[in-house]
Amino acid sequence: MLTYPEIDPVIISFGIFKVRWYGLMYLLGFGATYFLVLRQLKQFKWQELARQFDNLNLYLILGVILGGRLGYVLFYQPAYYLRHPLEILATWEGGMSFHGGCIGVILAGILFCRYHRLDFWKGADLYVVTVPIGLGLGRIGNFINGELYGRVTDVPWGMVFPGGGPLPRHPSQIYEALLEGLILFILLWSLKNRPWRTAPSRIWPHGSMLALFLVAYGIIRIIVEFFREPDPHLGEVLLGFTMGQILSGIMMAAGLLLWSLRVKK
């Protein structure tokens, strides 16, 4: 059994103002996406999007936050928030859904690109290949906070988390940081500039990176959920599957459908 490294979630505090590791991970993730997308815009000389870049990023951040919060409310605790609607706004108390954030950012991107007459699918591919960086950093933030830990286990690398009782558990946050973050980033970033199929002149159809992300993330999340402790107020929702697995299955299906449509087009 490994010893859980108890790290203070607060990096530094100034009175009531506190800088937390989790918030820093979000900022680093947004920063990585910003600079890597900007690098691709310069590489492909897409001036139309470059001129709207900062405005688009604002829309996408709002889409992530609103989608993530509303997704958590609707997918995970609808009955509670129906009784306490004012607490929907209390994002500082925690409660964000990745799947809701994914829906929110896609909708925000579609609306912005339609209004400014930009190619949404082309832009989505530039952004989505950088998303795993933020996902991996976010899972490291979860690990530091000692939250979203795994199920009870007897593997040698199990850890006793402060809020998880006396038994060792899977460090599922680290599994996710490696799979959703590092491995998925390497996969997408290495594929984006490679020729599609066997002809060197054939590029990947616009939207295909987004489709691959949806499928790959869905597979990874379904696998990791078998090692992650289910949400205590939900448990296993249907036929032994968690809410995260059900949503990830829908995500995979959407990715496969998108792939077939974009390749045909």
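The values are calculated or read from the model by the stated rules, or taken from the named source; none is laboratory data. These figures come from a predicted structure and were not determined experimentally. So basically every Cβ, Gly included, is an ideal-geometry build from the backbone, and we count neighbours across all protein chains shown.
List of remarks:
- The stretch 1-41: number of residues that are at pLDDT 90 or above and basic (K, R): 1
- Of the candidates R202, R194, the single residue that is modelled with pLDDT under 85, under 22 Å from L41 (Cβ atoms) and charged (D, E, K, R) is R194.
- Filtered by the rule that a residue be within 25 Å of the chain's Cα centre (by Cα) and surrounded by fewer than 16 Cβ atoms within 10 Å (Cβ to Cβ), the stretch 163-177 gives a lone residue, G163.
- Meets criteria (in a helix (DSSP H, G or I) and surrounded by 15 or more Cβ atoms within 10 Å (Cβ to Cβ)) for R114: no
- Within the stretch 114-144, the residues that satisfy the criterion of being out of contact with any Phe, Trp or Tyr (no Cβ under 6 Å at 6 or more places or on another chain), under 28 Å from P9 (Cβ atoms) and of a type outside the set (K, R) are T130, V131, G134, L135, G136, L137, G138, I140, N142, F143.
- Some residue of the stretch 145-164 being at pLDDT below 95 and either closer than 21 Å to A32 by Cα or part of a helix (DSSP H, G or I) (or both): yes
- Only one of the listed residues (L239, L256) is modelled with pLDDT of 95 or more and surrounded by fewer than 18 Cβ atoms within 10 Å (Cβ to Cβ). That residue is L256.
Residues are listed down the side, and each one gets a yes or a no for (1) loosely packed, with under 13 Cβ neighbours inside 10 Å; (2) β-branched (V, I, T); (3) over 30 Å from I203 (Cβ atoms):
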residue	(1), (2), (3)
Q47	yes, no, no
Q52	no, no, no
I88	no, yes, yes
L118	no, no, no
A124	no, no, no
L148	no, no, yes
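- Members of the stretch 207-228 found to be of a type in the set (F, W, Y) and in a helix (DSSP H, G or I), listed by number: F213, Y217
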